[in-house]
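Shown next, in structure tokens, is the structure this report addresses.
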Amino acid sequence: MPIQILAHTPLYVWAILAFLLYRGAIALHARELEPRKLAVIPAVMLALSLQDIVAKFGSGGMALPLWALATCAMAALVWTFGGDRVAAGRLPGRVRVRGSWGPMALMMAVFFTKYLASIMLAVRPHLLGDTVFVVAVCVLFGLFSGVFLGRLARDLKACRALEAGTAAARPI
């Protein structure tokens, strides 16, 4: 059965996995970039999460509210208790982002949650009506999305603080 599952997985799924592994590998190392580029991976992961929730469970019912609640709760936690990842870059208009395994782990968690949920629904379609399954998938996607959004919010706040500090340090 595992061979059949792998054989019937569409090619675009492997392309998404390759892209996420590539982006995760980049995130392992400290790098400098423009602050707007901090939103790329959170936007991609948010889109994957939302697309999967709507595709699997529809836009009505409890799926989207569960996802949104979990997203907001986790984003608030990460915003409040998360660590700083950005510092001033060497060039104006750039920030230095600390390298970490966190983005890779989160991207793989989203990817494999999406993949395994799809497999489970293909093998056992009746799970669409299973409240525990729906709640588990929606909450997991919400928690992952919340981590990405909370970190992005903290990073952008740090970028604004860096810009304000730079502006204050410039001679008039």
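Need one word for the chain: rounded, prolate or oblate. Basis is the Cα gyration tensor (sqrt eigenvalues a ≥ b ≥ c); a/c below 1.5 gives rounded, then a/b vs b/c decides.
Here the chain falls in the prolate category.
Rank the residues W67, W79, W14 as a footprinting-exposure proxy: fewest other Cβ atoms within 10 Å of their Cβ go first.
W14, W79, W67
What lysines sit close enough to K56 to cross-link, taking a C-alpha to C-alpha distance under 20 Å and skipping anything fewer than 8 places away on the same chain?
Counting by Cα, and skipping residues close in sequence, K56 has these lysines nearby: K114.
Which order results if D155, D84 are arranged by neighbouring Cβ count within 10 Å, fewest first?
Going from sparsest to densest Cβ surroundings: D84, D155.
Find the relative contact order for the chain and round it to a whole percent, using C-alpha pairs within less than 8 Å whose residues are 6+ positions apart.
Computed over the chain, the figure is 37 percent.
Please list, in chain and number order, the residues 5+ apart from S100 or on another chain whose amide H is under 5 Å from its amide H, with Hs placed from the backbone.
Distant-sequence amide H within range of S100: L28, H29.
Any idea how far apart A68 and Y12 come out in nm if each label point goes 7 Å out from Cα toward Cβ?
Output for this residue pair reads 2.7 nm.
By average Cβ neighbour count within 10 Å, what is the ranking of 3-11, 44-52 from highest down?
Averaged packing, sorted descending, gives the order 44-52, 3-11.
With the crude spin-label approximation of a point 7 Å out along Cα→Cβ, what separation in nm comes out for A122 versus K157?
4.1 nm
Counting only helical runs of four or more DSSP H residues, what would the 222 nm mean residue ellipticity of the chain come to if each run contributes -39,500 (n - 2.57) and the total is spread over all its residues?
-24000 deg cm²/dmol
Under 1.5 on a/c is rounded, so check that first for the range 1-99, then, if it is not, pick prolate when a/b is larger than b/c and oblate when it is not; a ≥ b ≥ c are the square roots of the alpha carbon gyration tensor eigenvalues.
Cα axes put the range 1-99 in the oblate bin.
Give me the distance in nm between label points sitting 7 Å out from Cα along the Cα-to-Cβ direction at S59 and Y22, one decimal.
The two pseudo-label positions are separated by 3.1 nm.
A short reminder: the numbers here are calculations on the coordinates, not readings from a lab. Just so it is clear, the structure is predicted and the values come from calculations on it, not from any experiment. In this analysis, Cβ positions are derived from the backbone assuming ideal geometry, glycine residues included, and neighbour counts consider all displayed protein chains.
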